[in-house]
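**Student:** Got a structure here, written out as structure tokens. Questions coming.
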Amino acid sequence: MTNAKFEINADALHAYVDGQLGEAERTLLDAYLAAHPDAAADVASWDRQNQAINALFPPLNAEATPEALSPRRIARGVRTARTQLWRSVAAALIVIAAAGSLGWYMRGVFWTEEPASDRLIDEAVTAHALYVKEQTHAVEAAADSPNLMRWLSNRIATPIDAPDLTAQGFTFVGGRLLPGDYDGKDPSPAAQLMYQNASAERVTLYITAALPDKKDVWQFESRNGLDAYYWANDVVTCTIVSDLPETDVRGLGKTIFEQLTRHADSSWNPKT
Amino acid sequence: MQNFLDEVEACVPALRRYARALTRNADRADDLVQDCLERAIRKQALWQPTGPLKAWLFRILLNLYRNELRLARRRGDHVPVDTLLVEPAVAPAQPGRIALNELSRAIATLVDDQREALLLVVLEGLSYSEAATALDIPMGTLMSRLGRARAALRKLTGAVEEPRLRTVK
């Protein structure tokens, strides 16, 4: 209220009461109040109010400030809280990162992709069930077709000969080309070879090129009442399907393995 | 930082007194001041060293108080004024003709805006411009609230005041 152009109005009277005026202005107002009893009465009344209010709410200077209201103490608390906040944030980030990595690591557990062997066995069993019922069209090309095995070898990009199972009583009927989808992505070709014995029992071999991992796998499964004996190595995968007794199928497996892979007997090492 | 904390500390008694006058409850007042100090220290970076620290602190206190009031009203909390009345422990020096309990009740009946403005100016001796800053209102608004508050108090406590000489302008 120390304006250059000081005007005596209600605001100035309030400022006078509240001690907001400079020396010169106060002198001016003193003179004004002496001449204006109405204004003087206002000012006196407000002054009494001020005194009463101050008496009603006395200053606390004498009263000790509680420790809880010490700015230093509060500042320490704020710093601690901040540190803790950062720690919590850091901890949360670590937990999130750990959970993420664990989830990625465990993805194989919770989202198991169907193993290649299961897919190939499925397809071998399905194809077997489909074609063994056929009498006239059981195979696409009969055993005596020229170039049958060269054609199939070319298509599955792996040289194979039809194993000779005459010692087990089976004769080679012929073969056909089928899809051989081991990873659910690009179907690659598979060769199905069919054999038959004197009692018209049939065995099919479902053969694909070696899988990218070229791992040795032996797997014996029963599906839909059929036995499927799957094995894989660095040359081919072969699934033998038939409804013969398990021991017969296992016996066939060894002969077929030796002939198809041209591996010595010693590498025949089924765990199942 | 040390400087800032020292300056804040110097304002604590004034903040407590004002908070008591607003809330009429010493515990609530101190809680309010504690919140205010915490917020001020947390937001220290927002305070411009050129501005008056005291006004800034009062502004924070007032915002907290108003929020609390709003919440309490929404919840429908209802606290009888008389039970909260903080009577001075020692009888004060003769404060003129205004009876303190009557004044207390009169202040309680003031509109919030007017009470906040009047108490801030009268109790804390803030300059008008600081008070306007603290209340977050223009100077003209402050002056009119002050004028209305004083007129209302005069009317409310008039019975005990000296015989009426004139009307309020």
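Taken together, the values in this text are just the output of simple stated rules run on the coordinates, not laboratory data. Note that the structure is a prediction, hence the values are computed from the model and not measured. Ideal geometry is used to build each Cβ from the backbone, glycine not excepted, and the neighbour counts take in all protein chains shown.
**Student:** Taking the criterion of being part of a loop (DSSP other than H, G, I, E, B) and either more than 20 Å from A:Leu244 (Cα to Cα) or under 43 Å from the mean Cα position of the chain (by Cα) (or both), would at least one residue in the stretch A:104-111 satisfy it?
**Tutor:** Taking the stretch A:104-111 as the starting set, the residues that turn out to be part of a loop (DSSP other than H, G, I, E, B) are A:106, A:111.
So of that shortlist, the ones also either more than 20 Å from A:Leu244 (Cα to Cα) or under 43 Å from the mean Cα position of the chain (by Cα) (or both) come out as A:106, A:111.
Checked against the condition, which is being part of a loop (DSSP other than H, G, I, E, B) and either more than 20 Å from A:Leu244 (Cα to Cα) or under 43 Å from the mean Cα position of the chain (by Cα) (or both), the stretch A:104-111 yields at least one hit.
**Student:** Only one of (1) outside any strand (DSSP E or B); (2) within 36 Å of the chain's Cα centre (by Cα); (3) in contact (Cβ under 8 Å) with a residue 12 or more places away in the chain is not met by A:Arg250, so which one is it?
**Tutor:** The number of the failed condition is (2).
**Student:** I'd like to know if the stretch A:103-118 contains one or more residues that are in contact (Cβ under 8 Å) with a residue 60 or more places away in the chain and surrounded by 12 or more Cβ atoms within 10 Å (Cβ to Cβ).
**Tutor:** yes
**Student:** For the stretch B:6-56, how many residues are within 22 Å of A:Arg82 (Cβ to Cβ), β-branched (Val, Ile, Thr) and more than 16 Å from the chain's Cα centre (by Cα)?
**Tutor:** 2
**Student:** If you check A:Asn50, A:Asn54, A:Asn61, which single one turns out to be at the interface with chain B (Cβ under 7 Å from one of its Cβ atoms), over 30 Å from A:Ala228 (Cα atoms) and in contact (Cβ under 8 Å) with a residue 24 or more places away in the chain? Give the derivation first.
**Tutor:** Details: A:Asn54 fails: in contact (Cβ under 8 Å) with a residue 24 or more places away in the chain; A:Asn61 fails: in contact (Cβ under 8 Å) with a residue 24 or more places away in the chain.
Answer to the selection: A:Asn50.
**Student:** Among the residues of the stretch A:161-180, is any buried (at least 16 other Cβ atoms within 10 Å of the Cβ) and aromatic (Phe, Trp, Tyr)? So that I can check it myself, show each step before the final result.
**Tutor:** Here is the first cut: in the stretch A:161-180, the residues buried (at least 16 other Cβ atoms within 10 Å of the Cβ) are A:162-163, A:165, A:168, A:170, A:172-176, A:178, A:180.
From what's left, aromatic (Phe, Trp, Tyr): A:170, A:172.
The answer is yes, given that some residue of the stretch A:161-180 is buried (at least 16 other Cβ atoms within 10 Å of the Cβ) and aromatic (Phe, Trp, Tyr).
**Student:** Please go through the stretch B:118-143 and give me each residue that is in a helix (DSSP H, G or I), within 11 Å of chain A (Cβ to nearest Cβ) and touching a residue at least 24 places away in the same chain (Cβ under 8 Å), ordered by number. Reasoning before the result, please.
**Tutor:** Kept after step one, since they are in a helix (DSSP H, G or I), are these residues of the stretch B:118-143: B:118-124, B:128-135, B:139-143.
Remaining after also requiring within 11 Å of chain A (Cβ to nearest Cβ): B:118-124, B:128-131, B:139-140, B:142-143.
Scanning the stretch B:118-143 gives B:Leu118, B:Leu119, B:Leu120, B:Val121, B:Leu123, B:Glu124, B:Glu130, B:Ala131, B:Leu142.
**Student:** Which ones in the stretch A:128-183 are within 24 Å of A:Glu114 (Cβ to Cβ) and among the aromatic types (Phe, Trp, Tyr)?
**Tutor:** A:Tyr131, A:Tyr182
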